[in-house]
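Inspection log for the structure reproduced underneath, given as C-alpha cells.
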Amino acid sequence: MNKEIPVKRIAIFGSTGSIGTQALDVIAANTDKFSAEVLTAQNNDELLIRQALQFNPNVVVIGDEKKYNRVKEALASTDIKVFAGEKALEEVASMDCYDLMLAAIVGYAGLKPTLNAIYAGKAIALANKETLVVAGDIIMQKAVEHRVPIIPVDSEHSAIFQCLVGETRNRIDKIILTASGGPFIGRKPNYLVNVKREHALQHPNWSMGAKITIDSATLMNKGLEMIEAKWLFNLQPEQIQVVIHPQSIIHSMVQFEDGSIKAQMGLPDMKLPIQYAMAFPKRIPNDFPRYDFKKVSTLTFEEPDLKTFRNLALAQDALAKGGNLPCIMNAANEIAVFAFLRNRINFLDMTEVIEKTMQHLPFIEKPTLEEYFESDGEARNFAADIIKL
Ligand code: NAD
Ligand code: MG
C-alpha cells in the first residue's frame, strides 16, 4: 500500500536571491511534496510580494523596515503575516509553521536565524556557508544537541554528502573539492590589478548572487568551502584538497582508505543540490537538462595558483589555525567584497584588506558565541577603517 507522504513545509530565508528563487522553482514543480511557508527578503519588496501572492506562505519578513507598509498593504487581502527587521527574522526562525529551513541568506546575516532554527529543532538545508565559516564548531555542536540534520546545498558539499551515503562506517582518506577557477583562471596579478567589477561578475559556469560571484573570482569561495567542509564532514585540514576543474561537471570527490574515489557529476545547476537537500533522503524526478558526454567530452584538472589567488592561501591559513581566525577573515572579506562592488578598491586590494585584518585582530583559540559576534564586529570595523568606508 502506498503511504501518503506529508507535504514538507519549507522556510526560505533569502527567498529573493539566486538560491531562494531557484528553490521556489523546485517547490512550484513539486507542490505535492513541498510548500513554502516562510519567505524573507532584505530589500526586494516587489519580488517578495509577488512570491507571497504566488505561494501563499504563512509568514513573510522584509528586512528593510522602511518597506514594511508597502508589503503589508500589498498583502492586506490575504491572511499572510507580515513582519519587518532583523529581530523579526530571528524570531520567525523559531515558529511552528515550517519543518525545514533553507538557509539562503548571504553572509554573516544568515547566522542568527539559522542558529534559532536549530534551537527550534528544524532541519536545515544549508546554502549559507558563511554560517559555518564563522562559528562552525558551535553550529555543529548545537545541531547534534538538538538532533537537527544539516544538509548541504553548496554543490561541492552536496556532492560529498551524496558520495557518503551508505559509507557511514568507512573512514574518509580525503575529500577533493573542485573549483571552476572563475573568470580569471590562468591570469596573473599584473592583469588582476585592473579588472573591474563588471568583468569579475561574469562567471563562466554558474549564475549566482554578486557576493559569491566575486568570491569565486578571487577563489575565496573555495577557501570558505574548505572551512565549510571541515565542519560538515568532521575533517582535519590536511584531508581537504582543492583542484581546479574548469568544466564544473564533477562537483567534488571523496577518497576512501582503500584509495577508491567516488565523484558526483552533473551539469552546473544549483536546482539539483537544492532539490536534493529538500527531498533528502529521497531523490525525486525532474526535467532539468542532463549532462551529455558528447557535448562536454573533456574533463580537465589542475593545481590552484596560490601565489596569484592569495585569498585561497589566507583561507587555508585560517582553516589550519582555527579559533576566531575564519570568523575574522569572513568579516574582512564581506567588507572587501562590498567595497570592490562599489568600485572603492581594486581586485587585489581585497586580499590586502583581509590579510591586514587577520594579522591585526587578537586570536582567540576557543571562542564563545559572544566572542564570535565581537570578532565579527571588530574585524568589520578594522577592515572598513583600512578602506576608509
Ligand atoms: P543573493 O545575493 O542572490 O541572495 C541573498 C538573499 O539574502 C536575498 O534574498 C536577500 O534579500 C537576502 N539578504 C541579503 N542580505 C541580507 C541581510 N543582511 N539580512 C537578511 N537577508 C539578507 O545570494 P545567493 O547567491 O543566493 O547566495 C545565498 C547563499 O548561498 C550565500 O551564502 C552563498 O554563498 C550560498 N551559495 C550560493 C550559490 C549560488 O549558486 N548562488 C551556490 C552555493 C552557495
Ligand atoms: Mg560551491
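Put a dot 7 Å past the Cα of residue 295, heading toward its Cβ, do the same for residue 70, and the two dots end up 3.8 nm apart. The lysines within cross-link reach of residue 72, meaning a Cα-to-Cα straight distance under 16 Å and a gap of 8 or more places when in the same chain, are 81.
Bridging of residue 67 to aspartates and glutamates at a Cα separation below 15 Å is possible for 45, 46, 86, once same-chain residues fewer than 8 apart are set aside.
Working with all protein chains in place, sort 349, 32 by solvent-accessible area computed with a 1.4 Å probe, largest first.
If we order 349, 32 from most to least accessible, we get 32, 349.
Accessible area ranking (1.4 Å probe, heavy atoms, ligands and nucleic acids excluded), largest first, for 60, 193: 193, 60.
Tell me the relative contact order for the chain as a rounded percent, counting alpha carbon contacts under 8 Å between residues six or more apart.
14 percent
Exposed loop sites here mean GluC sites (Glu not before Pro) with a DSSP loop assignment and at most 16 other beta-carbon atoms within 10 Å; the chain contains its longest site-free run at 5-166. Label separation (residue 286 vs residue 369): 3.2 nm, computed from points 7 Å beyond Cα along the C-beta direction. Here the Karplus relation 6.51 cos²θ - 1.76 cosθ + 1.60, evaluated at θ = phi - 60°, turns the backbone of the stretch 37-51 into coupling constants of 9, 9, 10, 9, 9, 7, 10, 7, 5, 4, 5, 4, 5, 4, 4 Hz, with x for every Gly and Pro.
When only alpha carbons are used to place a centre, the stretch 210-261 and the stretch 49-72 end up 36 Å from one another. For residue 230, the lysines whose Cα comes closer than 20 Å to its Cα, not counting residues fewer than 8 places off in the same chain, are 129, 142, 174, 222, 262, 321, 366.
Per-residue ellipticity at 222 nm computed for the chain from its helices equals -13500 deg cm²/dmol, with DSSP H segments shorter than 4 residues left out and the rest contributing -39,500 (n - 2.57). Placing dummy labels 7 Å off each Cα toward the beta-carbon, the span from residue 97 to residue 236 is 4.8 nm. Note on residue 4 and residue 168: with the Förster distance fixed at 30 Å, the Cβ-Cβ geometry gives a FRET efficiency of about 0.55.
The values are calculated or read from the model by the stated rules, or taken from the named source; none is laboratory data. For clarity, every value in this text was computed on a predicted model and none was experimentally measured. A quick note on method: Cβ atoms are made from the backbone with ideal geometry, for glycine too, and the neighbour counts reach across all protein chains shown. For accessibility, only protein heavy atoms count, side chains too; no ligands or nucleic acids. Shrake-Rupley method; radii C 1.70, N 1.55, O 1.52, S 1.80 Å.
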